[in-house]
1. If you take the residues in region 219-248 that are surrounded by fewer than 19 Cβ atoms within 10 Å (Cβ to Cβ) and of a type in the set (Gly, Ala, Ser), which one is farthest from ligand 2 (Cβ to nearest atom)?
2. Do we have any residue at all in region 9-17 that's among the polar types (S, T, N, Q), touching a Ser or Thr at 6+ places or on another chain (Cβ under 8 Å), in a loop (DSSP other than H, G, I, E, B) and within 15 Å of ligand 2 (Cβ to nearest atom)?
3. If you check every pair at least six apart or on different chains, which have Cβ atoms under 8 Å apart with a residue in region 4-20 that is surrounded by fewer than 24 Cβ atoms within 10 Å (Cβ to Cβ) first and a residue that is of a type in the set (A, V, I, L, M) second?
4. If you check Thr189 against the conditions, is it crowded, with 17+ Cβ neighbours inside 10 Å, among the polar types (S, T, N, Q) and over 16 Å from the mean Cα position of the chain (by Cα)?
5. Among Ile151, Ile211, which is touching a Ser or Thr at 6+ places or on another chain (Cβ under 8 Å), aliphatic (A, V, I, L, M) and farther than 30 Å from Arg122 by Cβ?
6. What's the total number of residues in region 65-122 that are over 19 Å from the mean Cα position of the chain (by Cα), within 16 Å of ligand 1 (Cβ to nearest atom) and surrounded by fewer than 20 Cβ atoms within 10 Å (Cβ to Cβ)?
7. Taking Gly59 as the residue in question, decide whether it is under 15 Å from Val7 (Cβ atoms), assigned to a loop (DSSP other than H, G, I, E, B) and out of contact with any Phe, Trp or Tyr (no Cβ under 9 Å at 6 or more places or on another chain).
8. For region 18-51, give me each residue that is among the acidic types (Asp, Glu) and assigned to a loop (DSSP other than H, G, I, E, B).
Amino acid sequence: MTPPVPVLVDCDTGVDDAMALLYLLARDDIDVVGITTVFGNNTAAQCAHNTLRVLELVGRRDIPVAVGAERPLVGEVTYLATHVHGNDGLGDSGLPMEVSTAVSDLSAVELIDRLSFEHAGRLRILAVAPLTNIARALETIPDLTDRIVDIVIMGGAADVAGNQSPAAEANIIHDPEAAQLVISAAWPTTLVPLDVTMVEVLTERHRSMLIAADTPVSRFVAATTDFYFERYGMDSYGVRCSPCHDAVAAAVLTGEVVPSVFPVIDVQVDCTDGPGRGATICDTRGRYRGFPSMPEGNCRVALVTDGTFPDLLIAALGA
Ligand code: RIB
Ligand code: CA
C-alpha cells in the first residue's frame with residue numbers, strides 16, 4: 001500500500017480554493033499536511049479563518065493553518081476579490097463563521113520550512129493564490145527546492161486573455177515579482193492557467209446534483225457556487241455557471257486531470273508597470289509543430305483539457 005502523498009496547500013480561501021481543499025481531503029492518496037494563506041480573495045487572516053471553517057466542516061481540525069503575507073513583495077495590495085468571492089470570502093454562504101480551532105503559531109514561511117523537513121523528498125506544493133508566501137520561502141529557507149518534489153500552480157494565461165486585466169490572471173497580477181521568482185526556481189513547476197480552468201465549467205446541473213445530495217459538504221459548495229455563478233459566471237460567460245480554477249489545479253496534481261497538450265516551455269512573468277503587468281509570457285510557438293522538446297523550458301503548462309472534470313469534482317464532493 002503506497003503511503004498517501006504529503007501536500008502543502010498555499011491558498012486564499014476563496015470559493016474555488018475551498019473546492020480544491022475539499023477535493024484533496026476526500027482522497028485517500030493525498031495527505032494535506034499543512035495549509036498556508038495569503039492575501040488575494042480576501043486578507044490572509046480572513047482566508048485562514050475561512051480555511052478553518054472549511055476544515056471544521058469535514059472534521060479536519062488536525063491540519064495546521066498558518067497565516068502568510070498580507071501584501072506583495074513589491075508595492076501594496078491593489079484589490080481584494082470580495083466582489084467575486086463575497087465579503088466573507090466564501091460566497092457569503094451562511095457557513096458558520098465561528099470555529100473552535102486557532103490558526104498555527106507559525107508563520108506561513110515557518111510552516112513551509114518545518115513541513116519541508118518533516119516530509120523531505122516527498123512534499124508537493126499546490127499553490128492556488130498569489131505566490132508571495134512561496135517566494136518568501138524561497139528567499140529565506142536554504143535549499144528548500146532540494147526537499148520539495150514539485151509545485152503545481154493555478155495561475156496565468158498562456159494563449160487566452162487574463163481575468164483581472166486583458167493580459168493578466170488574478171493570482172499572478174497580485175504579485176508578479178513573486179510569480180517570476182517561483183516559476184524560475186530550481187524545482188519542477190507545473191502551471192495550470194486560465195487556458196484550461198475556464199473550460200472546466202460548473203453548471204446549474206452540477207449545482208442541482210450537489211443540492212440533491214444534501215450533505216453538509218454538497219450543501220456548502222452549492223451555496224458558495226450560487227454566489228460565484230452570479231458574480232463570476234454572469235460577468236465572464238453571460239450565464240450562471242463558474243470555473244473551478246483551484247480544483248482543476250488540484251486534480252492536475254493528483255493526476256485525475258491529464259491535459260492533452262501539456263508541454264514544458266519557457267514562461268516569464270511581465271513585471272513591468274505597463275498594461276502587460278502580471279502577464280505570463282508563455283513560449284507556445286511550438287504549438288504547430290507538436291511542441292518539440294524545449295530543454296530550456298522552465299515550466300510544464302497545461303494548455304488543453306477536455307472539460308469533463310466538473311463531473312468528477314462533484315462526485316468527489318458527494319453528489
Ligand atoms: O484567477 C483565479 C484565481 O484567483 C483562483 O485561484 C481564485 O481563487 C483566485 O485566487
Ligand atoms: Ca485561489
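1. Gly238
2. First, pick out the residues of region 9-17 that are among the polar types (S, T, N, Q): 13.
Those left that are additionally touching a Ser or Thr at 6+ places or on another chain (Cβ under 8 Å): 13.
Checking which are in a loop (DSSP other than H, G, I, E, B) leaves us with 13.
The next check asks that each one be within 15 Å of ligand 2 (Cβ to nearest atom); those that pass are 13.
Yes, the conditions are met somewhere in region 9-17.
3. Pro4/Ile30; Val5/Ile30; Pro6/Val33; Pro6/Leu115; Pro6/Leu123
4. On the way: crowded, with 17+ Cβ neighbours inside 10 Å: yes; among the polar types (S, T, N, Q): yes; over 16 Å from the mean Cα position of the chain (by Cα): no.
Considered against the rule, which asks whether it is crowded, with 17+ Cβ neighbours inside 10 Å, among the polar types (S, T, N, Q) and over 16 Å from the mean Cα position of the chain (by Cα), Thr189 comes out as no.
5. Numbers: Ile151 fails: farther than 30 Å from Arg122 by Cβ.
Exactly one of Ile151, Ile211 is touching a Ser or Thr at 6+ places or on another chain (Cβ under 8 Å), aliphatic (A, V, I, L, M) and farther than 30 Å from Arg122 by Cβ, namely Ile211.
6. Total satisfying the criteria: 3.
7. Numbers: under 15 Å from Val7 (Cβ atoms): no; assigned to a loop (DSSP other than H, G, I, E, B): yes; out of contact with any Phe, Trp or Tyr (no Cβ under 9 Å at 6 or more places or on another chain): yes.
It is false that Gly59 is under 15 Å from Val7 (Cβ atoms), assigned to a loop (DSSP other than H, G, I, E, B) and out of contact with any Phe, Trp or Tyr (no Cβ under 9 Å at 6 or more places or on another chain).
8. Looking only at region 18-51, we keep the residues that are among the acidic types (Asp, Glu), and these are 28-29, 31.
If the condition is that a residue be among the acidic types (Asp, Glu) and assigned to a loop (DSSP other than H, G, I, E, B), then Asp28, Asp29 are the ones that fit.
Each reported figure results from applying straightforward, stated rules to the coordinates on display, with no laboratory input. Since we're looking at a predicted model, the values are computed, not measured. Every residue, glycine as well, gets a Cβ built from its backbone with ideal geometry; the counts of neighbours run over all protein chains shown.
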